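*Asks:* Structure provided below as structure tokens; questions to follow.
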Amino acid sequence: MNNGNLKAKFQELGITNKMVEACKLPFQAEPEDLVDAGFDFFGRKQKLAVNAHEAWIEMRTNAKNDGLNIHIVSGFRSIEYQCNLISRKLAEGQRIHQILLVNAIPGFSEHHTGRAIDLHSGEGTPLDEAFENEPAFFWLSKNAAKFNFFLSYPKDNSDGIIYEPWHWCYQD
């Protein structure tokens, strides 16, 4: 999506220039090195950047060897997908200010890089703060850095994003 189309989409979604300027997240370009990453927790095909995919496979295998099944809930999301996600939430009656506490402005999501993954262990509801009480979260907290994955949005983060114990991002 080019810059002109993105600005038009922002207007359509009610994302003002002031909101974009206040965004503390960096703009994220979509990668060209996406590979198939299998199916997510819901059976949808996922893609990740090559290095993130290789590290994810290794991390998931190590977790499995420790008795944990960790699944992707969401991997790569295009800027267009992010726009549609916000549009659906607006159609459901949510206000843009509420949505932007949970979803990054299109173009600013780590998911656009193909390096971010939302994870679930099969216990409880996916994408829920209760994930922080699951054995998988404790395992990730202790081990994810060995595979270059880091928790992007800890409690009280400076980015203004809600606490997301399920959201981990690969860093080269």
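*Asks:* Being among the hydrophobic types (A, V, I, L, M, F, W, C) and modelled with pLDDT under 95, is that true of even one residue in region 41-63? Reasoning before the result, please.
*Replies:* The first filter runs over region 41-63 and keeps only residues among the hydrophobic types (A, V, I, L, M, F, W, C), leaving 41-42, 48-50, 52, 55-57, 59, 63.
Checking the rest, the ones that are also modelled with pLDDT under 95 come to 41-42.
Yes, that holds for at least one residue.
*Asks:* Of the residues Ala145, Ala136, only one is aliphatic (A, V, I, L, M) and without any contact (Cβ under 8 Å) to a residue 60 or more places away in the chain; which? Working first, answer last.
*Replies:* On the way: Ala136 fails: without any contact (Cβ under 8 Å) to a residue 60 or more places away in the chain.
Among Ala145, Ala136, only Ala145 is aliphatic (A, V, I, L, M) and without any contact (Cβ under 8 Å) to a residue 60 or more places away in the chain.
*Asks:* May I pose another question? With respect to Ser121, determine if the residue is farther than 18 Å from Gln82 by Cα and surrounded by fewer than 17 Cβ atoms within 10 Å (Cβ to Cβ). Walk me through it before giving the result.
*Replies:* Values: farther than 18 Å from Gln82 by Cα: yes; surrounded by fewer than 17 Cβ atoms within 10 Å (Cβ to Cβ): no.
Spelling it out, it is not the case that Ser121 is farther than 18 Å from Gln82 by Cα and surrounded by fewer than 17 Cβ atoms within 10 Å (Cβ to Cβ).
*Asks:* Which of the residues belonging to region 75-93 are of a type in the set (D, E, K, R) and either assigned to a helix (DSSP H, G or I) or within 17 Å of the chain's Cα centre (by Cα) (or both)? If you could, list the steps in order and put the result at the bottom.
*Replies:* Filtering region 75-93 for residues of a type in the set (D, E, K, R) gives 77, 80, 88-89, 92.
Hits for region 75-93 are Arg77, Glu80, Arg88, Lys89.
*Asks:* Still on this structure, I have one more. Got a number for residues in region 1-41 being in contact (Cβ under 8 Å) with a residue 40 or more places away in the chain and part of a strand (DSSP E or B)?
*Replies:* 1
*Asks:* Among the candidates Asp36, Asp40, which residue alone is closer than 18 Å to His111 by Cβ, exposed (fewer than 12 other Cβ atoms within 10 Å of the Cβ) and not aliphatic (A, V, I, L, M)?
*Replies:* Working: Asp40 fails: exposed (fewer than 12 other Cβ atoms within 10 Å of the Cβ).
After ruling out the rest, the residue left standing is Asp36.
*Asks:* So which residues in region 99-110 are free of Cβ contacts under 8 Å to residues at least 24 places away in the same chain and either over 12 Å from Gly14 (Cα atoms) or basic (Lys, Arg) (or both)?
*Replies:* Of the residues in region 99-110, the ones free of Cβ contacts under 8 Å to residues at least 24 places away in the same chain are 99, 103.
Once the filter is applied, which keeps residues that are free of Cβ contacts under 8 Å to residues at least 24 places away in the same chain and either over 12 Å from Gly14 (Cα atoms) or basic (Lys, Arg) (or both), region 99-110 yields only Asn103.
*Asks:* Just one of (1) touching a Ser or Thr at 6+ places or on another chain (Cβ under 9 Å); (2) of a type in the set (Lys, Arg); (3) surrounded by fewer than 19 Cβ atoms within 10 Å (Cβ to Cβ) trips up Lys47, so point out which.
*Replies:* (1)
*Asks:* Do we have His71 as in contact with a Gly (Cβ under 7 Å, 6 or more places away or on another chain) and under 17 Å from Asp118 (Cβ atoms) here? If you could, list the steps in order and put the result at the bottom.
*Replies:* Details: in contact with a Gly (Cβ under 7 Å, 6 or more places away or on another chain): yes; under 17 Å from Asp118 (Cβ atoms): yes.
It is true that His71 is in contact with a Gly (Cβ under 7 Å, 6 or more places away or on another chain) and under 17 Å from Asp118 (Cβ atoms).
*Asks:* Counting only residues that are polar (S, T, N, Q) and part of a helix (DSSP H, G or I), which one in region 94-138 is nearest to the chain's Cα centre (by Cα)? Full working, then the answer.
*Replies:* Taking region 94-138 first, the residues polar (S, T, N, Q) are 94, 98, 103, 109, 113, 121, 125, 133.
Checking the rest, the ones that are also part of a helix (DSSP H, G or I) come to 98, 113, 133.
Values: Gln98: 17, Thr113: 10, Asn133: 19 Å.
That would be Thr113.
*Asks:* For Gly93, work out the one condition from (1) surrounded by fewer than 16 Cβ atoms within 10 Å (Cβ to Cβ); (2) of a type in the set (Gly, Ala, Ser); (3) in contact (Cβ under 8 Å) with a residue 40 or more places away in the chain it doesn't fulfil.
*Replies:* Condition not satisfied by Gly93: (3).
*Asks:* Only residues that are in contact with a strand residue (DSSP E or B) (Cβ under 6 Å, 6 or more places away or on another chain) and either under 17 Å from Asp118 (Cα atoms) or β-branched (Val, Ile, Thr) (or both): list them for region 18-35, please. Outline the logic, then answer.
*Replies:* Our first condition is that a residue be in contact with a strand residue (DSSP E or B) (Cβ under 6 Å, 6 or more places away or on another chain); within region 18-35, this holds for 31, 33-34.
Leu34, the sole residue that qualifies.
*Asks:* Further, regarding this structure: Filter region 154-172 down to residues that are part of a loop (DSSP other than H, G, I, E, B) and under 22 Å from Asn69 (Cα atoms), then give me how many there are.
*Replies:* Quick first cut of region 154-172, residues part of a loop (DSSP other than H, G, I, E, B) only: 154-166, 171-172.
Now drop any that are not under 22 Å from Asn69 (Cα atoms), which leaves 164-166.
Summing the residues that are part of a loop (DSSP other than H, G, I, E, B) and under 22 Å from Asn69 (Cα atoms) in region 154-172 gives 3.
The values are calculated or read from the model by the stated rules, or taken from the named source; none is laboratory data. Being a predicted model, the structure only gives us computed values, none of them experimental. Ideal geometry is used to build each Cβ from the backbone, glycine not excepted, and the neighbour counts take in all protein chains shown.
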